[in-house]
Structures are given as C-alpha cells and as structure tokens.
Amino acid sequence: MNRSTGYAVVLALVLANLGYFAWRIWIAPPAAGSVPWRAPGAVSVPAALPAGLGTIDLAGEARDDLPAAVPAAPLPVCLQVGPFAEPIATAEALIEIRSRGFAPTVIYPPEVVPRRWVVRIDGLPTEADQERVLARLKAAGFSDFAALPRETRTYAVSLGVFSEPSRAARRSAQMQAAGIAARIVPLYAPVAERWLQVTLDPAVMPAGFAPGTAPTAALAGAWRVRVCDSVAAETAR
C-alpha cells in the first residue's frame, strides 16, 4: 500500500465515524437512561467487588436504587394563649389545655416585674423525700426553710422569700455550695397579666387531633392565640 492509498483509508474511516456519531446524536439518539454501546434489553449484573470498594456509575446510566426524597417534617410551633389577669381564669385555662393533652407553661410579659423571689427545692416525689431534705438542711446548719404543701404531683421545700433578686441569688449560691440544687422562682402579683405558652409538634398531636391539625385550631378557646414572643417563663404546676 502506497502513501496516497493509506491517506485515503484513514480519511474514509474518519468520515465513517463522524457519520455514525451524527446519526446516533441527531437521527436515532439512545433512550434516556441507556448506554449507547449496551445491547437492547441487556440486564445490569453487579460485579462482586472487594470489601471497601463501591460501584461506578457510567455516564448516561440511570440510578433506580436511590431512596425516594422524604418530605421535611413540620417544625414545632410555639404559641401563647391569653391574656389572663386573674388566677381563677388562669387555672381554668390550664385545666382545659391540659385535658387536650398539651403541657402549658405560665409566662409573663417582659414589662411585668415580679414582686418577690422565692428560692426553693422542687421535684421531690414523696413526702418522705421532703422530710429527708428538711433533715439535711437542719444538719447543715441552715435556717429559714419550710416544707411546702403538696403541689400537682410532687413536693417542694421553700428556702426563703426575698424582695430583691440579688438576695435570692446569694441564698441560691449558698445552697449550691452545700451541694443542694435549688432554683429561684419569681412571684408576681395575683392580677398580673399572664399567658399560657404551648409548644406544638404538628406531626405528633395528642389523641383527638390528627397529625397535621393546625396548631391554632388545637388551641382554640375563649382566649386569643398568638405566636410566642420573648418573655420570662415560669413552669406551670
């Protein structure tokens, strides 16, 4: 074969490849998700790979083993109901909202200033636990403490009521130094404005409320419902 014949053969092969490429792209393109060089109807058989190695997806191959997208769960919603100005109305609303399966918290607007601050030990399961705490305080040399009447489910001990928050903080620090966990609870005037705050998960509603129920509908009542603001909170009992 002389040089001119070789050039002609190479040119013919190049033109043939270009023609096939144009035919596959513009005239008879492959189906979506297929590979042009794979025979029609061929089934993918995953090869056994050594441990620690993954498979490689070829360009143009469609993946059918990817998990379906999971819709994002609705975020919890913080709402407040109120306002209430009297203890009786507040107590009635607490009972009603608790009966629906929610856990409300009593909160006060920032402009409402506490009248007193009490230092207390909470969450004592039984009266015997309360007696043990009283004995421990007496043995440690503390005074000015008293057993409080049983509350909703637990007992508590008062460590003093103070007119200034700084004095309550000092009392709490004394307890902490002695290894006794105490907290400071603000005391408000009986007629101070207050709200009941509830955090609702629209995806997990109590019995009687199907998932997806509008939170405002679940809290509907003889009060106003609003989105939570930045407020001081005190756990309701």
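For Tyr188, Tyr155, what ranking results if the residue with the fewest other Cβ atoms within 10 Å of its Cβ goes first?
Details: Tyr188 17, Tyr155 21.
Placing the least packed residue first, the sequence is Tyr188, Tyr155.
Given just the C-alpha atoms of region 77-234, how large is their convex hull per residue in cubic angstrom? All intermediate terms of the calculation are to be shown ahead of the outcome.
Values: hull volume 21.0 nm³, N = 158.
Measuring per residue, one finds 133 Å³ for the Cα hull of region 77-234.
Over region 77-234, what relative contact order in percent results from Cα pairs under 8 Å that are six or more residues apart?
Values: 261 pairs, mean separation 68.9, N = 158.
Averaging sequence separation for qualifying contacts and normalising by length gives 44 percent for region 77-234.
Calculate, in nm to one decimal, what Ala177 and Asp144 gain on full extension: separation in residues at 0.36 nm each, minus their alpha carbon distance.
On the way: separation 33, 0.36 × 33 = 11.88 nm, distance 1.71 nm.
Gain in length upon complete extension: 10.2 nm.
Going by how many other beta carbons lie within 10 Å of each one, how would you line up Ile180, Ile95, Ile107, Ile121, fewest first? Present the calculation step by step, with values, prior to reporting the outcome.
Working: Ile180 17, Ile95 10, Ile107 20, Ile121 23.
Placing the least packed residue first, the sequence is Ile95, Ile180, Ile107, Ile121.
So how do Val119, Val77 line up by other beta-carbon neighbours within 10 Å, fewest first? Mind showing how you got there, number by number?
Working: Val119 25, Val77 17.
Least crowded to most crowded, the residues run Val77, Val119.
Bear in mind that the values in this text are calculations on the coordinates, not laboratory data. Since we're looking at a predicted model, the values are computed, not measured. Methodologically, a virtual Cβ is constructed for each residue, glycine included, from the backbone with ideal geometry; neighbour enumeration extends over all protein chains shown.
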